[in-house]
1. Any chance the range A:218-238 includes a residue that's charged (D, E, K, R) and not in a helix (DSSP H, G or I)?
2. If you go through the range A:47-100 one residue at a time, how many are hydrophobic (A, V, I, L, M, F, W, C), open to solvent by less than 30 Å² (accessible area, probe 1.4 Å) and without any contact (Cβ under 8 Å) to a residue 60 or more places away in the chain?
3. Starting from residues that are acidic (Asp, Glu) and part of a helix (DSSP H, G or I), keep the ones in the range A:316-345 and report whichever is farthest from A:Asp303 (Cα to Cα).
4. So A:Asn520 fits all but one of (1) farther than 30 Å from A:Leu321 by Cβ; (2) not in a helix (DSSP H, G or I); what number is the exception?
5. Looking for whichever is within 9 Å of RNA strand B (Cβ to nearest atom) and either open to solvent by 80 Å² or more (accessible area, probe 1.4 Å) or of a type in the set (A, V, I, L, M, F, W, C) (or both) here; the options are A:Pro436, A:Pro419. Which one fits?
6. Go through the range A:272-285 residue by residue and tally those that are at pLDDT below 95 and of a type outside the set (Lys, Arg).
7. Of everything in the range A:208-222, what is within 16 Å of RNA strand B (Cβ to nearest atom) and under 21 Å from A:Glu177 (Cα atoms)? Give them in sequence order.
8. With within 12 Å of RNA strand B (Cβ to nearest atom) and either of a type in the set (Asp, Glu) or under 19 Å from A:Thr160 (Cα atoms) (or both) as the only criterion, which of A:Leu277, A:Leu321, A:Leu298, A:Leu327 stands out?
Amino acid sequence: MEIWSSFRKEAEKLLKEAGYEGMIEDAKEEFGDFTFPCFSLAKERKESPVDIAKDIVEKMEKSEYFEKIENVGPYVNFHINPKKMVREVIEAVRNGSLFKFESKGSAIVEHTSANPTGPLHVGRTRNSIIGDSLARILRRYGYDVKVHYFVNDVGKQVATLLWGAKNISLEEGEEREDYRYVKYYQKAYELLEKNPEIEKEVQDIIWRYERGDAELREMANKYIGGIMRGIEESLRNINIEFDEFVWESSLVEKAKELVKYLEDYLEEDDGAYYVNLKRLGLEGKERLYLYRSDGTTLYPLRDIAYHVYKADKAERNIDVLGEDHKLHFEVIKKLVKLIRPQAKLEALFYSFVKLPEGKMSTRRGTVVYLDDLVREGMKKVEEIIKTREYPEEEKREIIKKVAVGAIRFHILNVQEEKPMTFRWENALNFEGESGPFIQYTHARATSILKKASWVGEYDASIISHPQEIRLVKLMAKYPEVIKEASEKLAPYLVARYAYKLASQFNQFYRDCPVLKAEENTRNLRLAIVSAFRDILKDVLELLGIDAPEKM
RNA sequence: GGGCGCGUGGCCUAGCCAGGAUAGGGCGCUGGCCUUCUAAGUCAGUGAUCGCGGGUUCGAAUCCCGCCGCGCCCGCCA
């Protein structure tokens, strides 16, 4: 239920009834809540914008939605009636309608899909966190969302890892499987670079694996499966889970069948097959190879099959992809359309996270692993919390939740397409625009509610303090934030809102005593705090951040 | 070389799509606020030729053109 919009629509209605038409915009706070600038009308009518604004105000009917409508120079400014708004917000939170949207059908969000060659690093984690939050937001907005991970067990990188496992003997430590097996990958790549003839052996592994070689299948199970178990555990630690893992090898046969749909554009080169993209009217690349000369499939073909598979399962398909996939995605989309014309494929692209020293690479070991970031984060929280007297178990829970909150928020607070440089001090910042700041605010609000014995009654008509009003107005905008973030596939908008809302509450907290206020004021403020807390908790849930009641 | 994206105070960032009222935040730094609901908070101060140059407009961080810097892509890798 979009309360803020309903007030805006009322303003538009009043304007229309006054004989004018135009877009009502949100105003800067000092000028009111909505504004209608009269410049473009002035141009059309060749009249002064100030005169038009005056005329509009004169002709405007009174409305219970607004306590004041006035013109300031060439602007018509609307001031919302806070009594009406606070009542609507509190009731919508209580009956749940603030969080409800009409159902919108099925969607698959695919994210992470990192090659299983080693533990997850923080660069890849940007993909995971964005994807996970996007899925949560779309779900809240009314989609029936399934989250997918496309496991590449067929490609060259993974074959190289298997080659390593077969041919290199390493001392395997006691670490988790992903940390153990990544060493084969790194060592194998090192050898491959020095001895190009190894390439043939790797190709042979791909060939045999695609044809179901029992020994290799078993190895894949052990090594790739093991690394995947590690990746899953790392992600579970930061509140990320999947509904389905689709292994590429399971789609190889299906992929081969689909090639017939592309025959018109298919050409041969020394036994290899490619799609002539030029003839398809695509630019930026001339050939898209689907088969190697030895008859094994290439990633684009398997990816096409995967997207066809998804298109058959859900109405909307959204991939979270690194910026390096932009061209690839456009091409795949076009080809999938030839096979499934109704397929609706979309992507959210994000820029890479680099280290101050440069790019991250699992191959070269120049990475910061997600697990290390979580561990360091937890150490830092522990340091802060150690003087507080909470039971040991509760303390451990808080430490984990806050560390994860800091990490997730740090990633989500920035527009996806902006490049990021990973810095420990920023990633684990607990002050200002940070996850812990928001969690702390939630704990404060919860603490007030716990101390109050209150039956839930309140009188909306006595709302008067500017901080009460500002907080309520911001709360009213929540549904619009969900809508915009969903439509634009932009989870960062929810993160920005979370911060603004928490920050606004802290100002209210400073200026408006709740428990010690006179009874009527106390009741109203408790109603506001309670609604605020429910909204903030929901916002945090969309960000995948836990909301501790104490910290 | 061609295509796509990014460029806002010392650092990070919002605003750009739908052009308007003194360019918002945060970090850092300086100085205040805990006998009052958790100081992971809060207030004040500090600090910006919105990459550069043109154009459109009454009005440009925002739209258009050119240039510069950075990233990514243009593989029988994924």
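1. no
2. Going through the range A:47-100 one residue at a time, the tally reaches 5.
3. Only one residue tops the list, namely A:Glu323.
4. (2)
5. Exactly one of A:Pro436, A:Pro419 is within 9 Å of RNA strand B (Cβ to nearest atom) and either open to solvent by 80 Å² or more (accessible area, probe 1.4 Å) or of a type in the set (A, V, I, L, M, F, W, C) (or both), namely A:Pro419.
6. Count: 5.
7. The answer is A:Leu216, A:Ala220.
8. Testing whether each residue is within 12 Å of RNA strand B (Cβ to nearest atom) and either of a type in the set (Asp, Glu) or under 19 Å from A:Thr160 (Cα atoms) (or both) leaves just A:Leu298.
The values are calculated or read from the model by the stated rules, or taken from the named source; none is laboratory data. Remember, predicted model here, so these are calculated numbers, not experimental data. As a convention, Cβ positions derive from the backbone with ideal geometry for all residues, glycine included, and neighbour counts pool all protein chains shown. For the accessible areas, the whole protein counts, side chains as well, though only heavy atoms, and no ligand, DNA or RNA atoms are used. Shrake-Rupley method; radii C 1.70, N 1.55, O 1.52, S 1.80 Å.
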